[in-house]
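Student: One structure, pasted below without further comment.
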Ligand code: PTJ
């Protein structure tokens, strides 16, 4: 039991969710480590969705709504932390959901498929071997993709990724939307749109934004998307982190440094 008034309540609840899903076979062992890395970067943005991330979320919603064949790629951490929102987003933007794992086992694929189905997903790609193809652009287990999903997708949302795959998908000509707390990661740098935010906060916001923008004329969505520049957004995130650290340094009482 985590008391609600604990100063790190939300962070501890998220950890418990991950541990629970690790024990259920959804999250990979390395997924726990990956989360720790993410948490460290979350501190640097003050554990809130910052303005550059909101702009990336808006552009991502436009890209998904304008896509002909959007796919949401799901790994263990994403399923554990944002499964419900993945299913909701897929319904709003009419996207396919595909399980695609780095630490791939048949069993984990099935467990994640069941979790997503229990949350309302009607179809989950990436599990049926009859539709499995390998993409030559990649060496890792992630090279196995579904011929009805990622292979033919024009826009792929990859919450929490490893860099190789994002680069490979870009080489295949796809628009890649990443959610990654680390603005320095290869994924963040290689993606077409990078949402530097915690997947726990970003996914509900993405669903909300996509639902709102769905009512807008497609030309307006195209105009929002074409004015988006990912390198500008990434440098704004770094500037935000640097300014925040500078401010914290100034605010830190001198006494602290003497301790
Ligand atoms: O389920 P699998 O087998 O596909 O494996 C998934 C992991 C995440 C273990 C695998 O993709 C991996 O090893 O990823 P990396 O290379 O550790 O990258 C994960 C990235 O996600 C890092 O840049 C972290 O900073 C970031 N990250 C971690 N937790 C969050 C996050 N970004 C957003 N929200 C988070 N909660």
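Student: Give me a count of the residues in the range 123-137 that are more than 19 Å from the chain's Cα centre (by Cα) and either crowded, with 19+ Cβ neighbours inside 10 Å or within 23 Å of residue 60 (Cβ to Cβ) (or both).
Tutor: 3
Student: Here are the criteria: (1) free of Cβ contacts under 8 Å to residues at least 60 places away in the same chain; (2) touching a strand residue (DSSP E or B) at 6+ places or on another chain (Cβ under 8 Å). Tell me which single one residue 153 does not satisfy.
Tutor: With respect to (1) free of Cβ contacts under 8 Å to residues at least 60 places away in the same chain; (2) touching a strand residue (DSSP E or B) at 6+ places or on another chain (Cβ under 8 Å), residue 153 is out only on (1).
Student: Tell me, yes or no, whether the range 70-92 has at least one residue that is touching a helix residue (DSSP H, G or I) at 6+ places or on another chain (Cβ under 8 Å) and on the phi > 0 side of the Ramachandran plot.
Tutor: Looking through the range 70-92, none of the residues is touching a helix residue (DSSP H, G or I) at 6+ places or on another chain (Cβ under 8 Å) and on the phi > 0 side of the Ramachandran plot.
Student: Having 3 or more residues that are over 30 Å from residue 102 (Cα atoms) is the bar; report the helices (runs of 4 or more DSSP H) wholly within the range 141-259 that clear it.
Tutor: Passing ranges, in order: 199-213, 218-226, 230-251, 254-258.
Student: Tell me which residues, restricted to the range 23-40, are over 13 Å from residue 109 (Cα atoms) and either more than 9 Å from the ligand (Cβ to nearest atom) or within 17 Å of the chain's Cα centre (by Cα) (or both).
Tutor: Once the filter is applied, which keeps residues that are over 13 Å from residue 109 (Cα atoms) and either more than 9 Å from the ligand (Cβ to nearest atom) or within 17 Å of the chain's Cα centre (by Cα) (or both), the range 23-40 yields 23, 30, 31, 32, 33, 34, 35, 36, 37, 38, 39, 40.
Student: Considering only residues that are modelled with pLDDT of 90 or more and more than 19 Å from residue 179 (Cβ to Cβ), look in the range 140-153 and name the one that is surrounded by the most Cβ atoms within 10 Å (Cβ to Cβ).
Tutor: Step by step, filter the range 140-153, then rank; the result is 145.
Student: If you don't mind, there's one more thing I want to ask. When you check residue 143 against the structure, is it under 25 Å from residue 91 (Cβ atoms), out of contact with any helix residue (DSSP H, G or I) (no Cβ under 7 Å at 6 or more places or on another chain) and within 14 Å of the ligand (Cβ to nearest atom), yes or no?
Tutor: So residue 143 fails the test.
Student: Follow-up. Which condition number in (1) out of contact with any strand residue (DSSP E or B) (no Cβ under 7 Å at 6 or more places or on another chain); (2) touching a residue at least 40 places away in the same chain (Cβ under 8 Å); (3) more than 26 Å from residue 113 (Cα to Cα); (4) part of a helix (DSSP H, G or I) is the one that residue 48 fails?
Tutor: That leaves (4) as the condition not met.
Student: Then there is this: Among the listed residues 217, 253, which satisfies the condition of being at pLDDT below 95 and surrounded by fewer than 18 Cβ atoms within 10 Å (Cβ to Cβ)?
Tutor: Every option except 253 fails the conditions.
Student: Looking at residue 104, is it under 27 Å from residue 185 (Cα atoms) and either in contact with a strand residue (DSSP E or B) (Cβ under 9 Å, 6 or more places away or on another chain) or outside any helix (DSSP H, G or I) (or both)?
Tutor: Yes: the conditions hold for residue 104.
Student: Scan the range 26-38 and report the pairs whose first residue is over 16 Å from residue 101 (Cα atoms) and whose second residue is near the ligand (Cβ under 7 Å from one of its atoms) and outside any helix (DSSP H, G or I), with Cβ atoms within less than 6 Å and a gap of 6+ or a chain change.
Tutor: From the range 26-38, the pairs are 38/181.
Student: For the range 181-195, name all the residues that are surrounded by 21 or more Cβ atoms within 10 Å (Cβ to Cβ), within 8 Å of the ligand (Cβ to nearest atom) and touching a residue at least 40 places away in the same chain (Cβ under 8 Å).
Tutor: Within the range 181-195, 181, 188 meet the criteria.
The values are calculated or read from the model by the stated rules, or taken from the named source; none is laboratory data. Quick caveat: nothing in here was measured; it's all calculated off a predicted structure. All Cβ positions, even for glycine, are placed from backbone atoms using ideal geometry, and neighbour counts span all protein chains on display.
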